[in-house]
Amino acid sequence: MSKYSLGKQRVLSGVQPTGNLHLGNYLGAIRNWVASQSQYDNFFCVVDLHAITVPHNPATLAADTYSIAALYLACGIDLEYSTIFVQSHISAHSELAWLLNCITPLNWLERMIQFKEKALKQGENVSVGLLDYPVLMAADILLYDADQVPVGEDQKQHIELTRDIAIRINDQFGSKKKTVLKLPEPLIRKEGARVMSLTDGTRKMSKSDPSELSRINLLDSPEEIKKKIKRCKTDAVKGLEFDNPERPECNNLLTLYTLLSGKNKEEVAQECQDMGWGQFKPLLTETTIEALKPIQQKYQEVMEEKGYLESVLREGRQQAEAVANQTLSRVKAALGYSVPL
Ligand code: AMP
Ligand code: TRP
């Protein structure tokens, strides 16, 4: 019997295998997937087709993809509730993306903030794939009839676009009685939804920031974590506080401490109100190292058992493909395609 037989709501989310996962990915996305997984039927994919929308290294793509899947397991994704799979293993993602492309107005994509930001960084070298990125993401979500999509704040616009695309398909090719696609909702937790850079508290922590000092990666050694926190940007004010717009770094570092220590905001506000940075930084360093230690240990275990990871992805593919192909057939039929004989 399928593990998905209880009629729970569906969740789908994914992360790109570009570089290491950082605390933003963990606190904004994966930690929340783990926390709520038992309430839902979950599909978590490694979105390796998205990874080539900017120039990529073919020599590391496959290994990076495995590494992210291993990190999903290491962070606590439980196969009892969740399916882990690789986007490129299921051709329905590319195929649905094509069908959606043909009904998505170009100017919807030109408006996307992430496209504009990334295109600016790419200069001359902007691919059609970068513009089309949100349509592929819509295909990822819509193929699984996802009810909820847990992501960080930066993905909200892409989920709104996904809804707009689904509404358009339903309007044009569905009927009142029979909708073609399900409308998903973004699931964005307030705390951790936007983890900021360690070198500039007004910019989000990002895989593409050229400075390694700007982010803490889940696989950083204790020495690296210590160095990065020691050198991170702070201010000259004594006493630490949340939510002071003049002190974005202070708010970010306190938020990291709150989430990684498992304490609540009020406790931390009180604990740190009289602290200086000299006292707080070692505390944050220790807390971060301790929080990441079990993830790193589990990651090593998973990576040492390559056969196990492969079997997880093989099974994941089977589970996911069955669902994805059904939706694809439904959309193709609605658009008027003949069924292959
Ligand atoms: P990406 O690194 O772009 O593949 O993002 C994967 C997931 O991490 C998405 O759900 C993002 O919204 C989330 N995410 C990425 N960066 C951050 C950040 N700085 N703060 C919070 N969430 C983030
Ligand atoms: N665009 C997302 C990001 O950069 C990654 C992604 C691709 C995704 N497909 C998805 C997230 C489907 C949620 C659901 O973070």
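The values are calculated or read from the model by the stated rules, or taken from the named source; none is laboratory data. Model, not experiment: these values are computed from the prediction. In this analysis, Cβ positions are derived from the backbone assuming ideal geometry, glycine residues included, and neighbour counts consider all displayed protein chains.
Residues of region 105-121 that are among the aliphatic types (A, V, I, L, M), surrounded by 11 or more Cβ atoms within 10 Å (Cβ to Cβ) and over 13 Å from Ile165 (Cβ atoms): Ile113, Ala119. The sole residue among Ser36, Ser67, Ser13 that is small (Gly, Ala, Ser), touching a residue at least 12 places away in the same chain (Cβ under 8 Å) and within 14 Å of ligand 2 (Cβ to nearest atom) is Ser13. Only one of these conditions is not met by Lys281: (1) among the basic types (Lys, Arg); (2) touching a helix residue (DSSP H, G or I) at 6+ places or on another chain (Cβ under 6 Å); (3) surrounded by fewer than 18 Cβ atoms within 10 Å (Cβ to Cβ). Which number is it? All conditions pass for Lys281, except number (3). For Leu79, are the conditions met, namely being assigned to a loop (DSSP other than H, G, I, E, B) and under 26 Å from Lys3 (Cβ atoms)? It is true that Leu79 is assigned to a loop (DSSP other than H, G, I, E, B) and under 26 Å from Lys3 (Cβ atoms). Against the conditions (1) without any contact (Cβ under 8 Å) to a residue 60 or more places away in the chain; (2) under 21 Å from Ala97 (Cβ atoms); (3) of a type in the set (A, V, I, L, M); (4) more than 13 Å from ligand 2 (Cβ to nearest atom), Leu198 satisfies every one except (2). Just one of (1) more than 10 Å from ligand 2 (Cβ to nearest atom); (2) surrounded by fewer than 20 Cβ atoms within 10 Å (Cβ to Cβ); (3) outside any loop (DSSP other than H, G, I, E, B) fails for Ile165. It is (2).
Mind telling me which of the residues His89, His93, His56, His50 ends up being under 19 Å from Asp140 (Cβ atoms) and at pLDDT below 95? Criteria check complete, one pass: His56. Pairing each residue of region 275-302 that is closer than 30 Å to Val237 by Cβ and among the aromatic types (Phe, Trp, Tyr) with any residue that is in a helix (DSSP H, G or I) and modelled with pLDDT of 95 or more, provided the two are 6+ apart or on different chains, yields C-beta distances under 8 Å for Phe280/Leu253; Phe280/Tyr257; Phe280/Cys272. There is no residue in region 149-156 that is more than 11 Å from ligand 2 (Cβ to nearest atom) and outside any helix (DSSP H, G or I).
All told, His158 falls short of being surrounded by 15 or more Cβ atoms within 10 Å (Cβ to Cβ) and either touching a residue at least 60 places away in the same chain (Cβ under 8 Å) or touching a strand residue (DSSP E or B) at 6+ places or on another chain (Cβ under 7 Å) (or both). When residues of region 15-33 are filtered for being assigned to a helix (DSSP H, G or I) and either near ligand 1 (Cβ under 7 Å from one of its atoms) or in contact with a His (Cβ under 8 Å, 6 or more places away or on another chain) (or both), how many remain? The total comes to 5. All conditions but one from (1) touching a Leu at 6+ places or on another chain (Cβ under 9 Å); (2) over 20 Å from Leu21 (Cβ atoms); (3) within 16 Å of ligand 1 (Cβ to nearest atom) apply to Glu185; the one that does not is (1).
In summary, helices (runs of 4 or more DSSP H) completely within region 241-341 and bearing 3 or more residues that are more than 25 Å from the chain's Cα centre (by Cα), within 20 Å of Arg189 (Cβ to Cβ) and not hydroxyl-bearing (Ser, Thr, Tyr) occur at 265-272.
Glu124 satisfies every condition listed in (1) within 13 Å of ligand 2 (Cβ to nearest atom); (2) in a loop (DSSP other than H, G, I, E, B); (3) surrounded by fewer than 17 Cβ atoms within 10 Å (Cβ to Cβ) except (1). Scanning region 34-66 for residues that are in a loop (DSSP other than H, G, I, E, B) and not aliphatic (A, V, I, L, M) yields Tyr40, Asp48, Pro55, His56, Asn57. Tell me yes or no: at least one residue of region 61-74 is over 20 Å from Glu301 (Cβ atoms) and either of a type outside the set (A, V, I, L, M) or modelled with pLDDT of 95 or more (or both). Yes, region 61-74 contains at least one residue that is over 20 Å from Glu301 (Cβ atoms) and either of a type outside the set (A, V, I, L, M) or modelled with pLDDT of 95 or more (or both).
To keep it simple, each residue is scored yes or no on (1) closer than 30 Å to Phe242 by Cα; (2) of a type in the set (D, E, K, R); (3) within 12 Å of ligand 1 (Cβ to nearest atom); (4) out of contact with any helix residue (DSSP H, G or I) (no Cβ under 9 Å at 6 or more places or on another chain).
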| position | (1), (2), (3), (4) |
| --- | --- |
| Leu100 | no, no, no, no |
| Thr104 | no, no, no, no |
| Lys116 | no, yes, no, no |
| Lys121 | no, yes, no, yes |
| Leu136 | no, no, no, no |
| Val151 | yes, no, yes, no |
| Ile159 | yes, no, yes, no |
| Met196 | yes, no, yes, no |
